[in-house]
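Asker: The structure that follows is given in the form of structure tokens.
The values are calculated or read from the model by the stated rules, or taken from the named source; none is laboratory data. Treat the numbers as computed from the prediction; the structure is a model and nothing was measured. So basically every Cβ, Gly included, is an ideal-geometry build from the backbone, and we count neighbours across all protein chains shown.
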Amino acid sequence: MLMPRPKILCVDDEPANLRLLDAILAPCGYEVVKAADGKEALEVIGEQKVDMVLLDVILPGINGFEVCRKIKENESWRMIPVVLITGLRSKEDRIRGIEAGAEDFISKPYDSGEVLARIRMLLKMKDLNDRLRAAYDGMNNLTQYGEHIVNTFDPLRFDFEDNIDKTISYLIRESEEQTDRPRIIIVRSMTADGAASRWFKYEVIGNSLQKSLLENAAGCLVLKDEAAALKVLNKSDLVLRV
């Protein structure tokens, strides 16, 4: 599955500057979105998923400092890295940018190597922050789901396999926006008498979650470690038994 290209919003009222940024970024695999002023920039962020903003300070209408501040005040946008591009070199202007929430500065005229280096660094930091936030949200969601199961547990009507199916569907559904969401989940289900166990594979194919029984037959996928009752797997965790 191809990973989406990082989308960078470039904001400048000078078309020549936007063309230059496009020429620097596009050959390196970045998707460039352009805006000519602060109002248009905020509209783009509201409509599209943007990974970074390169923002000129001197803009008609809303200046770059104020645009940056509005981005950082919005709960949905505040984790987007903002780099202020400016010809202003005074300490006061740098302080204004820091107070507005900017992650970095690039001075005009800018060097393409510096621009790309700063972008790579900030995108790595954003990816790490996104993963940490997704893990935190995932743990919170699982905790809430676990509490729901405990609170609604009825031993007289409990169906193990039905509840496993619902749990697996929940895991996949809650992580469907994540690029690293689980694609295969393996579950061991005991037989009614407890004498034997069966392994089931839940796999996301397209937008559908499919369940299949794993038999210990030639050519089937089996677990390297069969100790746990539930496994969330990458391909490296599976071996082909021949």
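Asker: List, please: which pairs have Cβ atoms under 6 Å, are six or more places apart or on different chains, and start with a residue in segment 5-18 that is at pLDDT below 95 and end with one that is loosely packed, with under 15 Cβ neighbours inside 10 Å?
Answerer: Listed by first residue and then by second, the contacts come to Arg5/Gly29; Asp13/Pro60.
Asker: OK, next. Search segment 38-53 for residues being assigned to a helix (DSSP H, G or I) and β-branched (Val, Ile, Thr), and hand back the single one that is farthest from Lys126 (Cα to Cα).
Answerer: The qualifying residue farthest from Lys126 (Cα to Cα) is Val44.
Asker: Okay, moving on. Out of (1) modelled with pLDDT under 90; (2) more than 23 Å from Leu128 (Cα to Cα); (3) of a type in the set (A, V, I, L, M), what's the single condition that is false for Ile106?
Answerer: Here Ile106 clears every test but (2).
Asker: Identify, from the list Glu92, Glu47, the residue that is at pLDDT 90 or above, surrounded by fewer than 17 Cβ atoms within 10 Å (Cβ to Cβ) and either touching a strand residue (DSSP E or B) at 6+ places or on another chain (Cβ under 7 Å) or not β-branched (Val, Ile, Thr) (or both).
Answerer: Glu47
Asker: Is it the case that segment 198-208 has a residue that's surrounded by fewer than 16 Cβ atoms within 10 Å (Cβ to Cβ), among the aromatic types (Phe, Trp, Tyr), within 28 Å of the chain's Cα centre (by Cα) and at pLDDT 65 or above?
Answerer: No: segment 198-208 contains no residue that is surrounded by fewer than 16 Cβ atoms within 10 Å (Cβ to Cβ), among the aromatic types (Phe, Trp, Tyr), within 28 Å of the chain's Cα centre (by Cα) and at pLDDT 65 or above.
Asker: So, of the residues in segment 77-98 that are charged (D, E, K, R) and touching a residue at least 12 places away in the same chain (Cβ under 8 Å), which turns out to be nearest to Gly46 (Cα to Cα)?
Answerer: Per the stated criteria, the residue is Arg78.
Asker: Given Val67, Val44, which one is in the same structural domain as Met121 (by TED's automatic domain parsing), of a type in the set (Val, Ile, Thr) and within 19 Å of Ser107 (Cα to Cα)?
Answerer: Val67 is the lone residue from the list that is in the same structural domain as Met121 (by TED's automatic domain parsing), of a type in the set (Val, Ile, Thr) and within 19 Å of Ser107 (Cα to Cα).
Asker: Right, here's the next one. Would you mind stating whether Leu55 is modelled with pLDDT of 90 or more and not small (Gly, Ala, Ser)?
Answerer: For Leu55, the condition - modelled with pLDDT of 90 or more and not small (Gly, Ala, Ser) - is met.
Asker: A further question on this structure: Test of understanding: among Leu142, Leu123, which residue is part of a helix (DSSP H, G or I) and modelled with pLDDT under 90?
Answerer: Leu142
Asker: On the given criteria, is Asn74 farther than 18 Å from Asp12 by Cβ, among the polar types (S, T, N, Q) and touching a helix residue (DSSP H, G or I) at 6+ places or on another chain (Cβ under 9 Å)?
Answerer: Judged against the criteria, Asn74 is a match.
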